[in-house]
Amino acid sequence: MDLMEREVAPGSKFFVIVGSYRTDAATSRLKATGIYYVAKSLDSKPANWTKTAEYIASPDATGAIIKVTSRNLASMRTSRYAEATERLFEALTKKRHLLLVHEDVLSAGEDEEKGPAQIEIDWDDPEAVEAEYRRSFFAPAAPEARELFLTAVEQYGLNLMLYKTNAELSVLTSTFVEQSENNLIFRLYVPSSRLWAQEADKLLGLFRDWLSRVKGERVRQDGYHTGHGQVFEFYVDSPPDGESGSFLGFEDFSQFLELCGDDPQAAALMLRDAGTSAAAVPDLIRRFSKEVTRLRRDLRHEREAKLLSIRHRLENELSELGEEEQLPSTAELATWVEELVPDERALTSALTAEAVAPERPQSVTIVYKPQVISTVHGVVTQEVQGSVNFGPDARQILELIERFGERERAELTSSLHELEDPDSQRSSRLAAAGRMKAFLARVGRKAEEIGTPLLIKYLEQKTGLA
């Protein structure tokens, strides 16, 4: 049933769904699992926005889905709604959430200088009234409102996705509810052609052990294979705090692994500070230190093989540039590639494999033409990230992720690879496209040369929406 404000019983767990549209798929899944939901609307006064924020921030709230319209964005930029908007966004940061916006709302209007067109409405015609209602909700937001909203999304680190159709909206919301219900804390797509793809599986096995033996979590690993890569998913029994609980301490896990390999005594101290029993610490240190030694050896061997493959490919591609180009010698090329490929001692780079060193390492003293530099850096990046088969649009998006992705870089890169995999699940591809559209909407206002509409069209073609 829909729970309204007066019907919420103290201590009852509930989900918050905000907006004018609630998908049957999402609400049916909630009902089937016995989870009630609170239905709220932003087409209301600031006091109701504040009450909505209180519901989301409640310790009994397990998650929130909020759909924002053009009308809502217009309200957000007014002084009357400023405080309520801030409280709403702050509440979302404390819970697993999904923020949905129709892609037309965040697109630039054809003639923003003139403002919205004045349309004559026949209020006695139900179809005309419905059309005006939809126009007011899905028409492009004013530039100032759009900028304020996207700035807030970045400031608060909100999980924004863009959608195009109600069918797409239904898939996104039902998938999100399912993942929230099962307490998904970690999801990653690893392309099989990427550097250290096989070692990523071993590293995630250590992460699973870390969650179980150090964090005391009951962990379930899931996912699926395709002919092009593998999806890893981790679930826990108890809901984490905040947005996936910051992967339940993945940064701590990374630090712990590094210490196990370099300073076991410091690793032991870290465990004791985390509350691990003194009797369990020696065994944990021995096990993880042994596995780190093995993993680093495997990473080193795989890196050496990849270095050779990259050098051979570069020799072939650089030779095609023509004799008039000044080309690096074999020794210079080997040094260059060596410095560009990530070091195996950074264990967690086996998961992201995104860190490529500066384009011109200090040891390379000869200045080459831009075409040579671009070829070397491009080949290394493709081999490290597994993006050799990407087309020009996907490569442009990958470059934008490298420039503007910041703390979302690993997640966005993972989503792009999954979207490019023709065998990945449709729900996953739609989620990846929605995340990419939101990212492009944000970066499009930072770099005017980005052809955002064309890239969004490309994303829709990959999901079959265009």
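Of the residues making up region 20-35, not a single one is modelled with pLDDT of 90 or more, of a type outside the set (Val, Ile, Thr) and under 27 Å from the mean Cα position of the chain (by Cα). Among the residues of region 318-347, those that are surrounded by fewer than 14 Cβ atoms within 10 Å (Cβ to Cβ) and more than 30 Å from Trp210 (Cα to Cα) comprise Ser319, Glu320, Gly322, Glu323, Glu324, Gln326, Ser329, Thr330, Ala331. Is it true that Arg287 is within 28 Å of Ala197 (Cβ to Cβ) and loosely packed, with under 12 Cβ neighbours inside 10 Å? Taking the combined requirement at face value, the residue does not satisfy it. The residues of region 54-87 that are out of contact with any Asp or Glu (no Cβ under 9 Å at 6 or more places or on another chain), open to solvent by less than 40 Å² (accessible area, probe 1.4 Å) and either among the acidic types (Asp, Glu) or closer than 29 Å to Asn182 by Cα (or both), listed by number, are Ile56, Ser58, Asp60, Ala61, Ala64, Ile65, Ile66, Lys67, Val68.
Checked against (1) free of Cβ contacts under 8 Å to residues at least 40 places away in the same chain; (2) out of contact with any strand residue (DSSP E or B) (no Cβ under 7 Å at 6 or more places or on another chain); (3) under 26 Å from Arg297 (Cα atoms), Gly216 passes all but condition (3).
For region 256-264, check the following and say yes or no: at least one residue is under 30 Å from Leu340 (Cβ atoms), more than 30 Å from the chain's Cα centre (by Cα) and part of a helix (DSSP H, G or I). Yes, the conditions are met somewhere in region 256-264. Filtered by the rule that a residue be surrounded by 15 or more Cβ atoms within 10 Å (Cβ to Cβ) and closer than 17 Å to Arg194 by Cβ, region 300-317 gives Glu302, Arg303, Lys306, Leu307, Ile310, Arg313.
Look at Thr276 and say whether it is of a type in the set (Val, Ile, Thr) and part of a helix (DSSP H, G or I). Break it down stepwise before answering.
Working: of a type in the set (Val, Ile, Thr): yes; part of a helix (DSSP H, G or I): no.
No; evaluated as a whole, the condition is false for this residue.
When you look at Leu318, is it part of a helix (DSSP H, G or I), under 18 Å from Leu347 (Cβ atoms) and of a type outside the set (D, E, K, R), yes or no?
On the way: part of a helix (DSSP H, G or I): yes; under 18 Å from Leu347 (Cβ atoms): no; of a type outside the set (D, E, K, R): yes.
Against the criterion (part of a helix (DSSP H, G or I), under 18 Å from Leu347 (Cβ atoms) and of a type outside the set (D, E, K, R)), Leu318 does not qualify.
Checking Ala274 against (1) surrounded by 15 or more Cβ atoms within 10 Å (Cβ to Cβ); (2) closer than 13 Å to Arg213 by Cβ; (3) small (Gly, Ala, Ser), which single condition isn't satisfied? Checking Ala274 against (1) surrounded by 15 or more Cβ atoms within 10 Å (Cβ to Cβ); (2) closer than 13 Å to Arg213 by Cβ; (3) small (Gly, Ala, Ser), the one that fails is (1). Which members of region 83-107 meet the condition of being within 26 Å of Leu184 (Cβ to Cβ) and more than 21 Å from the chain's Cα centre (by Cα)? The one that is within 26 Å of Leu184 (Cβ to Cβ) and more than 21 Å from the chain's Cα centre (by Cα): Leu88. If you go through region 160-178 and keep only what is of a type in the set (S, T, N, Q) and surrounded by 23 or more Cβ atoms within 10 Å (Cβ to Cβ), you end up with just Thr173. Within region 26-44, residues that are touching a residue at least 40 places away in the same chain (Cβ under 8 Å) sit with their Cβ atoms under 8 Å from residues that are surrounded by fewer than 16 Cβ atoms within 10 Å (Cβ to Cβ) and in a loop (DSSP other than H, G, I, E, B), at 6+ positions apart or across chains, in these pairs: Ile35/Lys13.
Among the residues examined, Gln255 qualifies as among the polar types (S, T, N, Q) and farther than 25 Å from Glu90 by Cβ.
The values are calculated or read from the model by the stated rules, or taken from the named source; none is laboratory data. None of the values given here were measured: they were computed from a predicted structure. Cβ coordinates were reconstructed from backbone atoms using ideal geometry, including for glycine residues, and neighbour counts include every protein chain displayed. To get the accessible areas, we keep the full protein, side chains included, count just its heavy atoms, and leave off ligands, DNA and RNA. Shrake-Rupley method; radii C 1.70, N 1.55, O 1.52, S 1.80 Å.
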